[in-house]
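The values are calculated or read from the model by the stated rules, or taken from the named source; none is laboratory data. Predicted model, so just to flag it, every value in this text is computed and none were measured. Cβ placement follows ideal geometry from the backbone for every residue including glycine, while neighbour counts extend to all protein chains displayed. Accessible surface is based on the protein model in full, side chains and every heavy atom, while ligands, DNA and RNA are left aside. Shrake-Rupley method; radii C 1.70, N 1.55, O 1.52, S 1.80 Å.
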Amino acid sequence: SQFIKNSPIYAYIKEVSPTQSMTLKASDNFQDMIGIPVAEMLGKTMTELFPPEFAAQITADDWQVISDGKILQREEVLEGRTYTTIKFPIRLGEKSLLAGYTIDLTDRVRAEEEREKLRGQLIQAQKMESVGRLTGGVAHDFNNMLAVIIGFTELAMVKSKQEDRIYPDLERILEAAHRSADIVQQLLAFARKQAITPKVIDLNR
């Protein structure tokens, strides 16, 4: 009796029937879980202590333990907190009794979730690192090809005259190549993990 009363985990003894499960003894710390003094729990059924669906599941589990005569372990969630419960039958004369204990796993579960979240962030960071390296390699190659395009376009413009019909086309090619070169520089900056802040500049100023 003193063990159950002062147990560091949630401990209890219940009397069970097919339709209800009634608390006979419970550890004092149950007040933290359900918000009422333990003395008020005694003699009450699960339906009187817990929300309907939760109470129905507990009652069904309790009768299963008594019927099968076997230990039952189950995870339960109540008001956002996660518990693991182990129940086992006790035979005392004609009464069908059940004893069990419940451990609050909430902090452990949340720590696991946080570790998984950090692991996912690390994997994403590693992916971005790989993308950055790939981007740098592609950008360097693209930059070399653009240098050839710009160089030969400028040579063609030198050899042509501004009144030639092809000259405006060469200007468009050169303009597009320079814009592409700007994009390549941004990609290279990304690969080097530099901050990229494109902005319009007033050349007259």
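In this structure, does E79 turn out to be modelled with pLDDT of 90 or more and open to solvent by 70 Å² or more (accessible area, probe 1.4 Å)? Break it down into steps so the answer makes sense when it comes.
Values: modelled with pLDDT of 90 or more: no; open to solvent by 70 Å² or more (accessible area, probe 1.4 Å): yes.
The answer is no for E79.
Which residue pairs have Cβ atoms under 6 Å apart, sit 6 or more places apart or on different chains, and have a first residue in region 141-169 that is open to solvent by less than 90 Å² (accessible area, probe 1.4 Å) and a second that is of a type in the set (F, W, Y)?
Close Cβ pairs (under 6 Å, with a partner that is of a type in the set (F, W, Y)) amount to S160/Y167.
Please list, ordered by first then second residue, the pairs with beta carbon atoms under 9 Å, 6 or more apart or interchain, first in region 79-95 and of a type in the set (S, T, N, Q), second open to solvent by less than 20 Å² (accessible area, probe 1.4 Å) and part of a strand (DSSP E or B).
Matching pairs, first to second residue: T84/T102; T85/G100; T85/T102.
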